[in-house]
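Asker: Pasting a structure below so you can have a look.
The values are calculated or read from the model by the stated rules, or taken from the named source; none is laboratory data. Keep in mind it's a predicted model, so treat the numbers as computed, not measured. Neighbour counts are summed over all protein chains in view; Cβ atoms, including those assigned to glycine, are modelled from backbone coordinates with ideal geometry.
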Amino acid sequence: MSMLRRLFQPMLLVGAAALSMAANATELTVYTAVESDDLQKYAERFKATYPDITINWVRDSTGVITARLLAEKGNPQADVIWGLAATSLLVLEEEGMLARYAPEGVENLDPKFVDAAYRNGEDPAWVGMDAWVAAICYNTIEGERQGVPMPTSWEDLTQPAFEGHVIMPNPNSSGTGYLDVASWMQLWGEEQGWDYMDRLHNNIARYTHSGSAPCSLAATGEAVVGVSFAFRGARLKSQGAPIEVVFPEEGLGWDMEAAAIVAGTDKMEAAQTLMDWAVSRDANELYNEGYAVVAYPGVAQPIENYPTDITERMIDADFQWAAINRERVLAEWQRRYDSKTEQ
């Protein structure tokens, strides 16, 4: 399916039955790429705390949400962006689409989870929530049956034994896919990054539009190897799926889910309330149920099936580079590899 067609498909409104409120309630339209199962939990907690704010949660994958926001630049439909990749928010900030606001309690967050402008005395254009980290999901049963060894590195995935057994997300529609591409380029440089992806492409069965799909497909045995993100793999393994979550030895790409107010909203007070809640300790404790790394220091507790040194394995990600080069890199990726993207 083309990106344009995906962009203008009807988008998922989460929890519609829960949106009937008193006539004096304020309504917010919030665009998000948060995974559906987590979004339901977050929405219920916010609603319990702020019953007078009705939120229409509009959800899709990172690439689709980002493209939609850019397409709507001249006539914004969202009031708040909540749970979108920081690399996408940097693109939107560059376009002048975000309203600066310092949420109550923002000073408590780890500085790397807050727009750098805040350290220079300005109100931030965005604030981070949690970090999601690249990982590989490997089906142990299918791997043994089909003679595919468990990988330990990114480089392993280019070996002949993996031909036709690897699934990964398309970076044009998936934030996870883009963090993979951007992190490989930051690890090895652009020339070697493209060389790596050329070799990896030979072993790819198909590219998905969802960042969690490759791990889910590995969990059900429809694929042996899925390039995905850590918390999806950790959760599926905890639920009994026959997978190992592999953290490649070269280093782990990552991005952060972040939140921002859309410039021009006429619901500013309610939008600020949501932002205040997004940086709160209560919200960060919720994020920690799925993510090992959250914005509020001292909150994160160990997550089952994650390594205890997960933060040490995360690369020194350059989000500014990823944002500036996003359009160019995605266009080149599509030119080279889009033939294997699922329809």
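Asker: Out of ALA283, ALA263, ALA271, ALA258, report the one residue that is closer than 25 Å to ALA322 by Cα and surrounded by 23 or more Cβ atoms within 10 Å (Cβ to Cβ).
Answerer: Sole residue among the options that is closer than 25 Å to ALA322 by Cα and surrounded by 23 or more Cβ atoms within 10 Å (Cβ to Cβ): ALA258.
Asker: Then there is this: When you check VAL127 against the structure, is it assigned by TED's automatic domain parsing to the domain that holds GLN272, under 26 Å from ALA300 (Cβ atoms), of a type outside the set (Asp, Glu) and surrounded by 22 or more Cβ atoms within 10 Å (Cβ to Cβ), yes or no?
Answerer: So VAL127 passes the test.
Asker: Same structure again: State whether one or more residues within segment 146-156 are at pLDDT below 95 and assigned to a helix (DSSP H, G or I).
Answerer: no
Asker: In this structure, does ARG145 turn out to be surrounded by fewer than 20 Cβ atoms within 10 Å (Cβ to Cβ) and outside the structural domain of LEU286 (by TED's automatic domain parsing)?
Answerer: Yes.
Asker: Across segment 48-64, what is the number of residues that are without any contact (Cβ under 8 Å) to a residue 40 or more places away in the chain and either touching a Leu at 6+ places or on another chain (Cβ under 8 Å) or more than 20 Å from MET268 (Cβ to Cβ) (or both)?
Answerer: 2
Asker: Let me ask something additional. Being surrounded by 20 or more Cβ atoms within 10 Å (Cβ to Cβ) and under 20 Å from the mean Cα position of the chain (by Cα) is the filter here, so list the residues in segment 98-123 that pass it.
Answerer: Passing the criteria: LEU98, LEU109, PHE113, VAL114, ASP115.
Asker: OK, next. Is it the case that segment 72-85 has a residue that's surrounded by 15 or more Cβ atoms within 10 Å (Cβ to Cβ), at positive phi and not assigned by TED's automatic domain parsing to the domain that holds VAL181?
Answerer: Yes - at least one qualifying residue is present in segment 72-85.
Asker: Quick one: in segment 175-204, of everything that is modelled with pLDDT of 95 or more, buried (at least 20 other Cβ atoms within 10 Å of the Cβ) and among the small types (Gly, Ala, Ser), which residue is nearest to GLN334 (Cα to Cα)?
Answerer: GLY177
Asker: Among the residues of segment 290-308, what is the count of those that are on the phi > 0 side of the Ramachandran plot and out of contact with any Ser or Thr (no Cβ under 8 Å at 6 or more places or on another chain)?
Answerer: Of the residues in that region, 1 qualify.
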